[in-house]
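Note sheet for the following structure.
The values are calculated or read from the model by the stated rules, or taken from the named source; none is laboratory data. Keep in mind that what you see is a predicted model, and the values were worked out from it rather than measured. Every residue, glycine as well, gets a Cβ built from its backbone with ideal geometry; the counts of neighbours run over all protein chains shown. The protein model used for the area step is the full one, side chains on, heavy atoms only, and it has no ligands, DNA or RNA in it. Shrake-Rupley method; radii C 1.70, N 1.55, O 1.52, S 1.80 Å.
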Amino acid sequence: MNSFFTALVNPAFPFLQNALLASLLASVLFGILGSVVTVKRIAGLAGAISHAVLGGIGMALYLSSTRLVPFITPMAGAIIFAVLSALIIGIVSIKAKQREDTVINAIWAIGMSLGVLFLAKTPGYRDPTSYLFGNILLVSRQDLVLLAILDVVVLLLVWRFYPQLEASAFDEEFARVRGVPTNLVFLIILGITAIAVVLLQTFVGIVMVIAMLTLPAATAGYIGRNLAGMMILSWIFSSIFSFAGLAVSWHYDLPSGAVVVVLSGAVFLGTTAIRMLVLRYQKRRGVTP
């Protein structure tokens, strides 16, 4: 493991330093947005958005390669698809709750299928796995700046509207009675999550974003006593998992994103098992948890 720390302070490996900084910046989003996604139980919505992003990436690559829209970038295409998917899912969830699952599955499937079709018709070889699984070692300075800006925006929004966010997250009916615009809050959460998914796909990839949006937050949910505590703990857990995953992947020459998710999942499953054993013990002893 010493080789990782040696390389980390070596100026000859700036990509590793970028990767570590990206993981810490991404942990802010994983912690805060992941907690909201977990508490509101909209992980399925976030999952559909994260997979629909491939359609935007494929579209952008096709349009730029064929010179139809030469200036469009994969990130721009991904943001367009992500925001549109979030709006469609959000509006359907609000207006027609009974159709929510159908629309989520449709967005999920159509987005990925469009991505595959666009990539198939794009001149030259395009490997979709590079977009599906990501590579944090390829994070650029521009990615770091965008992540930092989104972190600041999310932190400011949470600080300014925390009471409304907490109320709508735990009890929408109560929040609506108190005058909180719950529908607007819901759409804003989905929109920010959609943009975060696009940026975070460079960290762990589209397929794994949903795991990091839920696993650290779910682990923090066993300990945190309120939404703020859950956000902070999830932020800390995400940072630890990211740093440890990067170190382990460097030492054993493994895909960093996959290692981070496996570590996160192992801790979550272990915490869940311990929680179940403690509750069973308390039940036998007649102790109220």
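For the reader, a short list of remarks on this structure follows.
- Tail beyond 24 Å, pair distance distribution of the chain (Cα, percent): 54 percent
- Between residue 225 and residue 170, the distance separating the two model label sites (each 7 Å from Cα on the Cα→Cβ line) works out to 1.2 nm.
- Carbon/sulfur fraction of accessible area - segment 18-66, other protein chains in place, 1.4 Å, %: 63 percent
- Over 13 Å [Cα-Cα, segment 31-90], rounded percent: 63 percent
- Sorting 62-69, 5-12, 234-241, 37-44 by average packing, meaning the other beta carbons within 10 Å per residue, from highest down gives 234-241, 37-44, 62-69, 5-12.
- Cα-Cα separations in segment 26-175 greater than 29 Å, expressed as whole percent: 26 percent
- Share of carbon and sulfur in the accessible area of segment 158-253 stands at 67%, probe radius 1.4 Å.
- Ordering of 16-29, 247-260 by burial proxy (mean other Cβ atoms within 10 Å per residue, highest first): 16-29, 247-260
- For peptides 222-232, 84-94, 188-198, sequence by mean Cβ density within 10 Å, most packed first: 188-198, 84-94, 222-232
- Å² per residue, accessible surface of the chain at 1.4 Å: 51 Å²
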